[in-house]
Structures are given as C-alpha cells and as structure tokens.
1. Do we have any residue at all in segment 82-91 that's farther than 30 Å from residue 215 by Cα and either in contact with a helix residue (DSSP H, G or I) (Cβ under 8 Å, 6 or more places away or on another chain) or in a helix (DSSP H, G or I) (or both)?
2. Given the condition farther than 25 Å from residue 39 by Cβ and free of Cβ contacts under 8 Å to residues at least 40 places away in the same chain, answer yes or no: does some residue in segment 170-182 qualify?
3. Quick one: how many residues across segment 175-203 are at pLDDT 95 or above and out of contact with any helix residue (DSSP H, G or I) (no Cβ under 7 Å at 6 or more places or on another chain)?
4. Would you point out the residue of segment 191-203, among those that are part of a loop (DSSP other than H, G, I, E, B) and in contact (Cβ under 8 Å) with a residue 12 or more places away in the chain, that is farthest from residue 8 (Cα to Cα)?
5. Out of the residues in segment 1-13 that are surrounded by fewer than 24 Cβ atoms within 10 Å (Cβ to Cβ) and modelled with pLDDT of 90 or more, state the one that is nearest to residue 149 (Cα to Cα).
6. Tell me the residue from 132, 82, 166 that is farther than 27 Å from residue 51 by Cα and more than 15 Å from the chain's Cα centre (by Cα), please.
7. Could you check segment 35-52 and list, in sequence order, the residues that are touching a strand residue (DSSP E or B) at 6+ places or on another chain (Cβ under 9 Å) and more than 20 Å from residue 130 (Cβ to Cβ)?
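The values are calculated or read from the model by the stated rules, or taken from the named source; none is laboratory data. These numbers were taken from a predicted model, which means no experiment stands behind them. Heads up, the Cβs are rebuilt from the backbone with ideal geometry, glycines too, and the neighbour counts pull from every protein chain shown.
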C-alpha cells in the first residue's frame with residue numbers, strides 16, 4: 001500500500017515553522033503534526049505530577065501514556081487529560097521544559113511511535129526539529145526554516161505583547177540563543193537540516209512569501225512521480 005505523503009518543516013524557535021506548517025497543511029488538505037506541542041505537553045505533565053527531569057524512565061513512561069488530543073476545542077487547541085492547555089504550552093516556561101525533556105533519548109524514543117502514527121492519507125505536514133532527519137527521513141519534501149536570532153526574538157516579542165503577555169526583548173534574545181545551543185548540541189536528534197532539505201532563510205520574508213515558496217516546492221515534489 002502506498003504510504004501517505006509527508007512534508008517536514010524543521011527549524012529553531014520562532015523561525016515561523018508552526019504558522020507555515022499549519023497554512024501548508026490547510027492548503028493541501030493534509031493532516032498536521034506539531035511535534036513541539038508533544039514535548040511541551042510532556043514537560044507540563046511532568047511538572048504537574050512533580051516528576052524529576054532526571055528520572056528518565058518515569059518520563060518515558062509518562063510520554064507513552066499521555067492522553068493528548070488536538071483540535072478538540074478548535075483549530076490549534078491542545079488538551080491534556082481532558083484539560084485545555086493550549087495557552088499554557090506556549091509560555092516560555094513550557095518552551096524551556098520542552099527543550100529539557102527533548103534532550104532525553106528515552107523520551108524521544110517513547111514519542112517516536114506517537115509521531116509516526118500521524119502519517120495518514122492523503123498526507124501529513126510535520127513541523128519540529130528532527131522531523132526530516134529522524135522521524136520522517138523518507139519525506140518527499142523537507143524544509144528547514146531559519147532566521148537571525150535577532151529577528152526571531154523580535155517575532156516572539158511581538159507575539160507575546162500581542163497576547164497581552166509581558167516580555168523583555170533582550171531576555172527573549174538570550175533565551176532563544178540558549179535554546180539554539182541546547183537543541184543543536186544535544187547528543188540525540190540535534191537540530192540540523194536534513195542533507196536533502198531546502199533551507200529557507202525567513203529573516204527578510206513575510207509569512208505569505210514563505211508559504212508561497214513552500215507550496216511551489218511541494219508542487220514540484222508532487223509532480224516528479226514520487227509515489
């Protein structure tokens with residue numbers, strides 16, 4: 001049986017991959033996997049259960065057993081054990097927790113099968129940090145979005161202020177750089193482009209321009225005879 005098509009969109013924090021992935025999935029009628037949300041939810045669940053991040057086996061068991069549901073209360077919504085955590089997982093604290101649990105090999109292995117299960121016809125758009133390198137290495141199209149740390153910090157700042165959340169730009173820039181270093185230097189599934197990924201620097205591009213470029217690349221990949 002022909003496997004469902006996959007488009008992966010990887011990149012660092014605030015590179016625009018989440019917004020772009022959602023728009024590409026909508027345009028193509030594909031399912032969407034926000035892999036970062038899985039790690040953020042796991043970090044929050046561990047904190048709620050007061051689990052130590054040093055207890056890797058307990059965290060792996062929690063990752064395997066988490067009841068996570070997407071889109072129940074609207075597009076982009078995330079529920080953990082029936083509780084809506086859509087806003088909670090977008091905080092800086094959740095981002096830091098996600099980075100920490102994401103560096104644990106046992107956790108990544110536990111979540112791997114859950115991510116693979118999102119691959120359903122007619123296709124999937126998966127965004128994260130290792131979608132094209134580890135989770136879906138056979139994806140027909142791999143995109144790696146990047147932007148300067150300063151631009152990404154500005155985007156995050158505007159996003160938070162727009163939601164009424166206080167933020168300090170220099171602190172955001174420092175936190176982004178710290179996470180970039182953690183994610184790119186970790187021993188398991190480090191943040192890096194796949195060898196066959198198309199790398200798009202979005203520093204001076206609008207979201208519309210990035211989406212248009214990815215859709216162009218998707219059209220080419222779908223027309224090349226790939227099953």
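1. yes
2. Of all residues in segment 170-182, those farther than 25 Å from residue 39 by Cβ come to 170.
Okay, now just the ones that are also free of Cβ contacts under 8 Å to residues at least 40 places away in the same chain, so 170.
Looking for residues that are farther than 25 Å from residue 39 by Cβ and free of Cβ contacts under 8 Å to residues at least 40 places away in the same chain, one finds at least one in segment 170-182, hence yes.
3. So the answer is 5.
4. Applying the first criterion (part of a loop (DSSP other than H, G, I, E, B)) to segment 191-203 yields 191-197, 202-203.
Next cut, in contact (Cβ under 8 Å) with a residue 12 or more places away in the chain only: 191-194, 196-197, 202-203.
Working: 191: 13, 192: 13, 193: 11, 194: 10, 196: 11, 197: 9, 202: 16, 203: 20 Å.
So the residue we want is 203.
5. Among those that are surrounded by fewer than 24 Cβ atoms within 10 Å (Cβ to Cβ) and modelled with pLDDT of 90 or more, it is 12.
6. Numbers: 132 fails: more than 15 Å from the chain's Cα centre (by Cα); 82 fails: farther than 27 Å from residue 51 by Cα.
One residue alone meets the criteria, 166.
7. First, the residues of segment 35-52 that are touching a strand residue (DSSP E or B) at 6+ places or on another chain (Cβ under 9 Å): 35-42, 44-45, 48.
Scanning segment 35-52 gives 44, 45, 48.
Table: residues versus (1) buried (at least 18 other Cβ atoms within 10 Å of the Cβ); (2) modelled with pLDDT of 95 or more; (3) assigned to a helix (DSSP H, G or I); (4) in contact with a helix residue (DSSP H, G or I) (Cβ under 9 Å, 6 or more places away or on another chain).
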position	(1), (2), (3), (4)
18	yes, no, yes, yes
33	yes, no, no, yes
40	yes, no, yes, yes
47	no, no, yes, yes
69	no, no, no, no
93	no, no, yes, yes
115	yes, no, yes, yes
125	yes, yes, no, yes
